[in-house]
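First comes the structure, then the notes that go with it.
Read the figures in this text as sums done on the coordinates, not as results from a lab. These numbers were taken from a predicted model, which means no experiment stands behind them. Counting neighbours? That spans all protein chains shown, and the Cβs are built from the backbone with ideal geometry, glycine included.
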Amino acid sequence: MFDIVIKNGILIDPESLTRTNGNIGMKNGKIASITKEEIHGVQEFDAYGKMVCPGFIDIHGHIDWDDYCGELSLRQGITTTVGGNCGLSPLDINAFFAAQEKQGFIVNQAELIGHSISLRAEVGATDPLVPATSEQLTRMEYLVEKAFEEGACGLSLGLAYAPGSSNAEIINLSKIAARYGRIVAVDTRMITGIDMYSLVEVISIARQTGARIQVSHLVYQYGTGVMNEALAVINRARADGLDIRFDSGMYTQWATHIGAVLFSEEYMELNGWKLEDILVITGKYNGERLTMDIYQELRTHYPHTAVVVFTGIEEEIYMALHHPYAMPSTDTGTYLPGEGHPQIAGSFPRYFKKMVAERYELTIMEAVRKATLLPAETLGFNTKGRLREGMDGDIVVFDMQTITDKADFGLPNAYPEGIDYVFLNGKLALAKGEIMDRQAGKAVRCTKPVYDYQI
């Protein structure tokens with residue numbers, strides 16, 4: 001007798017890229033049986049006509065213990081989130097994981113250690129335009145090693161938030177990541193929305209250190225008419241033997257805080273951004289476009305207010321995600337209900353609706369692989385992202401005919417449709433829109449190298 005049985009589903013195997021009808025039995029948090037034979041469990045769920053696949057892995061998020069943000073991810077079918085991106089993370093990685101190991105969370109959490117905001121602030125390198133001193137860099141190197149020993153799955157660089165970061169900071173810390181066999185996730189140092197230097201810099205990190213590079217939210221960086229050029233740079237690097245991968249969201253409009261260096265008047269002018277093209281999505285001016293008065297007030301007094309820049313070309317979303325080493329991501333973050341970007345609630349359902357159902361860019365097997373196995377392999381999650389006996393019981397059941405996002409600007413937290421069931425570690429977490437378990441998620445510590453930088 002199994003703990004949970006999912007019956008009559010269309011099982012999507014991202015390793016073999018096949019689909020077959022069958023049943024899944026879970027016991028003690030693991031997938032214990034995949035069979036066409038009749039099996040029974042304490043709880044049984046009929047998935048006739050529905051897709052059954054590993055839970056989705058969001059390789060680029062900012063949940064970091066926010067329960068509401070985690071809930072919106074779970075409702076999309078996301079079972080594992082990777083936090084600490086863009087250079088912003090908790091510094092005590094052991095405490096972060098220990099808390100989840102003790103009390104659970106609404107989804108599984110893995111974590112990167114963030115350089116450009118968190119580590120620099122910790123060592124006193126508080127001016128984003130000034131490089132760290134050698135003493136500060138030595139301290140950061142110690143903290144990065146400590147984080148990797150405690151289970152951080154990689155290093156994150158948010159170079160747009162600390163454009164003064166020196167080459168020594170970037171290379172020295174990335175060398176540590178390479179030595180531990182962990183990824184380096186990079187939010188590139190954009191000067192304008194059409195420069196390729198920032199991407200060439202990322203390729204240079206891989207070339208100098210041997211690190212596996214994960215370029216963050218590629219469409220937000222290069223979805224402004226230069227996606228073909230960006231993909232050509234990545235393809236050339238991969239042809240040269242460099243391990244470059246990337247994630248990308250389902251929107252061209254991107255969000256960050258108004259106090260960032262990239263919203264200085266100089267950067268705004270360089271990029272040709274107009275105040276009326278920027279929407280406030282948190283705080284007292286939520287839902288309003290920027291005016292000069294609002295811009296100056298927020299930059300001066302409320303620099304953590306989130307805004308969205310309306311830019312980009314929609315077709316370049318699909319161009320990016322069609323690439324064999326592209327993975328969907330949410331770039332989700334912590335917001336109050338009614339605030340934020342629709343990516344926090346709609347990204348993965350929108351990905352399947354657009355890329356598979358509407359545009360036929362990917363088969364269902366390919367789309368599942370990019371959302372499960374590829375991020376699992378990238379990060380070294382050896383028991384996730386696979387529909388196989390012995391793997392973690394992280395499973396999503398969804399209806400390919402009805403899956404859709406409902407969130408939009410002004411209604412960013414509207415729940416998606418078509419996600420029937422989500423299981424985490426062999427427990428029912430979501431059923432027909434109802435949260436069933438808020439503590440089923442576990443900490444995901446990385447303890448082994450994912451790659452050998454010397455090969």
Can you tell me the relative contact order of the chain? Whole percent, Cα pairs under 8 Å, sequence separation 6 or more. 22
Residue by residue through the stretch 335-346, which ³J(HN,Hα) values in whole Hz follow from phi under the Karplus form 6.51 cos²θ - 1.76 cosθ + 1.60 (θ = phi - 60°), with glycine and proline marked x? 9, 7, x, x, 10, x, 10, x, 4, 5, 10, x
Cα convex hull of the stretch 315-455: how many Å³ per residue? 150
Counting helices only, and only those DSSP H runs with n ≥ 4, report the 222 nm mean residue ellipticity of the chain as the sum of -39,500 (n - 2.57) divided by its residues, in deg cm²/dmol to the nearest 500. -8500 deg cm²/dmol
Whole-Å semi-axes of the stretch 253-311's equivalent ellipsoid (Cα gyration tensor): 15, 12, 10
Counting only DSSP beta bridges with both residues in the chain, tell me the antiparallel percent, nearest 5. 55
Angle between the chain longest axis and helix 292-301 axis [Cα atoms, degrees, rounded to 10]: 80
If packing is taken as the mean number of other Cβ atoms within 10 Å per residue, what is the order of 286-297, 70-81, highest first? 70-81, 286-297
The set of residues whose placed amide H lies less than 5 Å from the amide H of residue 212, leaving out same-chain residues fewer than 5 positions away, is 184
Name every cysteine in the chain that ends up alone, with no second cysteine's Cβ under 4.7 Å, or say none. 53, 69, 86
Could you sort out which of 353/427; 175/406; 175/274; 146/427 sit more than 31 Å apart by Cα distance in this structure? 175/406; 175/274; 146/427
In vacuo Debye scattering of the chain, one point per C-alpha: log10 I(q)/I(0) at q = 0.07, 0.09 Å⁻¹? -0.32, -0.54
Between residue 33 and residues 5 or more places away or on another chain, the pairs with built amide H atoms under 5 Å apart involve 25
Residue-ordered couplings for the stretch 98-108, obtained by feeding phi - 60° into the Karplus form 6.51 cos²θ - 1.76 cosθ + 1.60 and rounding to whole Hz (Gly and Pro as x), are 4, 5, 6, 5, 7, 10, x, 7, 6, 9, 5
By average Cβ neighbour count within 10 Å, what is the ranking of 380-386, 129-135, 141-147 from highest down? 380-386, 141-147, 129-135
For residue 442, counting only aspartates and glutamates whose alpha-carbon sits under 16 Å away and dropping same-chain residues fewer than eight positions off, the answer is 58, 64, 66, 67, 71, 101, 111, 150, 392, 394
Treating cross-link reach as a plain straight distance, find the lysines whose alpha-carbon is under 21 Å from the alpha-carbon of residue 36, omitting any fewer than eight places away in the same chain. 7, 27, 50
